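Enquirer: Pasting in a structure now, in structure tokens, and then I'll have a few things to ask.
Values quoted throughout were computed directly from the atomic coordinates according to the rules given, and no laboratory measurement underlies them. Just so you know, these numbers come straight off a predicted model, no measurement behind them. Here the Cβ positions follow ideal geometry from the backbone for every residue, glycine too, while neighbour counts run over all protein chains shown.
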Amino acid sequence: MDTLSSIFSFLFGAIVGSFLNVVSLRYKTGRSVGGRSKCMACGKELAWLELIPILSFFMQGGSCRKCKSKISWQYPLVEFSAGALFVLIFFKFPPVSYEAALVTLLYVFAACLLVVITVHDIKHKIIPDPFVWSFDVLALVSLFVGGNSWWHIPSYENLIAGPLLAVPFALIWLVSRGRWMGLGDAKLVLGIGWFLGVNLGVNALILSFWIGAAVSVGWLFATYKKFKRNQEIPFGPYLILGMYLVLIFGIQVIDMGMVRQVMGV
């Protein structure tokens, strides 16, 4: 992937990220995603100069030009993250053929859904059903496309990977009655399992728990100077991060093939 393609991929992702910000902020607020963007404090309609992804935030000093109220760092962070994610996806899954382009599109659309899920889960501690179910459908479709043909029948192991990884999360939700984990996390893992398969999916989940535990404990101590019980922490972003660490960078912490040999499975 050359430099020019990387730049265009980043710019495209940042523009899409700006739209995803709007989707995540207006979801279930009664506002249409097609309406003009306004300052959240004074209601001023934003001019095109105020809507340039990433740059507008810094050009305005992180505040509204009219009322001077602070603009959330969510805007440039999501735009930059989406841009970087698009670069990584086009690098890892380049659309070099018709079949490969289908896979690239699937991962791009999945990335858009996961960005919205991440933002919404961080802000509201819940994963919206329309987005997570859409992600699951894309993950299931991904089993049937790609490879040497644009359409193929997936293996039985790949088909059961999603439910196999999601069931333990659903049981945790059921046993704890939602106190330990939300059902949305199980729905998210369903799609992650279909995208990654059992072996890579297990590695993604392990990374998610490790990173989630380290960051959450550090944040709790930095914020409250002690560990607080019953503090609700969104786990969806860590699941998504674990998925991309395995999918894009190939990070693995356990060899499931070796585990199977040891267990004689």
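Enquirer: To the nearest whole percent, what portion of all C-alpha pairs in segment 1-84 is separated by more than 20 angstrom? Before the final figure, lay out the partial values.
Expert: Working: 1199 of 3486 pairs.
Considering segment 1-84, 34 percent of its Cα-Cα pairs are separated by more than 20 Å.
Enquirer: May I ask which residue of LEU207, SER6, LEU20 lies farthest towards the positive end of the charge dipole of the chain, with charges of +1 (Lys, Arg) and -1 (Asp, Glu) on Cβ and the Cα centre as origin?
Expert: LEU20
Enquirer: Then there is this: Compute the separation of the alpha-carbon centres of segment 36-110 and segment 156-174 and state it in Å as a whole number.
Expert: Value for the Cα centre distance between the two parts: 33 Å.
Enquirer: If you plug each phi of segment 174-185 into the Karplus form 6.51 cos²θ - 1.76 cosθ + 1.60 with θ = phi - 60°, what whole-Hz ³J(HN,Hα) values come out, in order, with x for Gly and Pro?
Expert: Whole-Hz 3J(HN,Hα) from phi for segment 174-185: 5, 5, 8, 6, x, 7, 8, 7, x, 5, x, 5.
Enquirer: If I stretch the segment between THR3 and PHE209 completely, what's the gain in nm (0.36 nm per residue apart, minus their alpha carbon distance), one decimal? All intermediate terms of the calculation are to be shown ahead of the outcome.
Expert: Values: separation 206, 0.36 × 206 = 74.16 nm, distance 3.49 nm.
Full-extension gain reported as 70.7 nm.
Enquirer: First measure r as the distance between the Cβ atoms of LEU174 and LEU105, then evaluate 1/(1 + (r/R0)^6) with R0 = 25 Å and state the FRET efficiency to the nearest 0.05. It would help to have the intermediate numbers written out before the result.
Expert: Values: r = 35 Å, r/R0 = 1.41.
E between LEU174 and LEU105, to the nearest 0.05, is 0.10.
Enquirer: Please tell me which of these pairs span more than 30 angstrom C-alpha to C-alpha: LYS68/LYS187; LYS70/LYS187; LYS66/LYS125; LYS28/LYS68; LYS44/LYS123?
Expert: LYS68/LYS187; LYS70/LYS187; LYS66/LYS125
Enquirer: For the Cα atoms of the chain, what angle does the longest principal axis make with the long axis of helix 74-92, in degrees from 0 to 90, nearest 10?
Expert: Once rounded, one gets 40 degrees.
Enquirer: Given a cut-off of under 8 Å on Cα pairs at least six residues apart, what relative contact order in percent is computed for segment 1-84? Walk me through the intermediate numbers first.
Expert: Values: 79 pairs, mean separation 36.4, N = 84.
Worked out over segment 1-84, it gives 43 percent.
Enquirer: Nearest 10 degrees, 0 to 90: what angle lies between the long axis of helix 98-124 and the longest principal axis of the chain (Cα atoms)?
Expert: 60 degrees
Enquirer: Please sort by residue number the chymotrypsin sites (Phe, Trp or Tyr not before Pro) in segment 86-155 whose DSSP state is loop and whose Cβ has at most 12 other Cβ atoms within 10 Å. Walk me through the numbers on the way to the answer.
Expert: Numbers: sites: PHE86, PHE90, PHE91, TYR98, TYR107, PHE109, PHE131, TRP133, PHE135, PHE144, TRP150, TRP151; in loops: PHE144, TRP150, TRP151.
Passing sites in segment 86-155 are TRP151.
Enquirer: Sticking with the crude label model, points 7 Å out along Cα→Cβ, report the distance from ILE126 to LEU46 in nm, one decimal please.
Expert: Each label point lies 7 Å from its Cα, and together they span 2.5 nm.
Enquirer: Just the Cα atoms of segment 93-265: what Rg and Dmax do they give in Å?
Expert: Rg, Dmax (Cα atoms, Å): 16.9, 56.
Enquirer: If I fit a long axis through the Cα atoms of helix 3-26 and take the longest principal axis of the Cα atoms of the chain, what angle between them do I get, 0 to 90°, rounded to 10?
Expert: The angle comes out at about 80 degrees.
Enquirer: What do you get for trypsin sites (Lys or Arg not before Pro) in segment 68-136 restricted to DSSP loop and a cutoff of at most 15 other Cβ within 10 Å of the site's Cβ? Before the final figure, lay out each step's value.
Expert: Details: sites: LYS68, LYS70, LYS92, LYS123, LYS125; in loops: LYS68, LYS125.
In loop regions of segment 68-136 (DSSP not H, G, I, E or B), the sparsely surrounded trypsin sites (Lys or Arg not before Pro) are LYS68, LYS125.
Enquirer: Further, regarding this structure: So how much slack lies between ARG31 and LYS92, counting 0.36 nm per residue of separation and subtracting their Cα-Cα distance, in nm? Write out the running numbers ahead of the final one.
Expert: Numbers: separation 61, 0.36 × 61 = 21.96 nm, distance 3.61 nm.
Difference between extended and current length: 18.3 nm.
Enquirer: OK, next. With each label point set 7 Å from Cα along the Cα-Cβ vector, what nm distance links ILE233 and TRP150?
Expert: Output for this residue pair reads 4.6 nm.
Enquirer: Can you list the GluC sites (Glu not before Pro) in segment 1-100 that are in a DSSP coil and have 12 or fewer other beta carbons within 10 angstrom? Write down the numbers at each step before the final one.
Expert: Details: sites: GLU45, GLU50, GLU79, GLU99; in loops: none.
Those that pass, being in a loop and sparsely packed, number zero.
Enquirer: For SER63, list long-range residues whose amide hydrogen, built 1.01 Å from N in the peptide plane, is under 5 Å from its own amide hydrogen.
Expert: Under 5 Å from the amide H of SER63: ILE71.
Enquirer: Sum -39500 (n - 2.57) across every DSSP H segment of at least 4 residues in the chain, then divide by the residue count to get the 222 nm mean residue ellipticity, nearest 500. Intermediate results must be reported in sequence, preceding the final value.
Expert: Numbers: 9 runs with 172 residues, N = 265.
Roughly -22000 deg cm²/dmol at 222 nm, from the helical runs in the chain.
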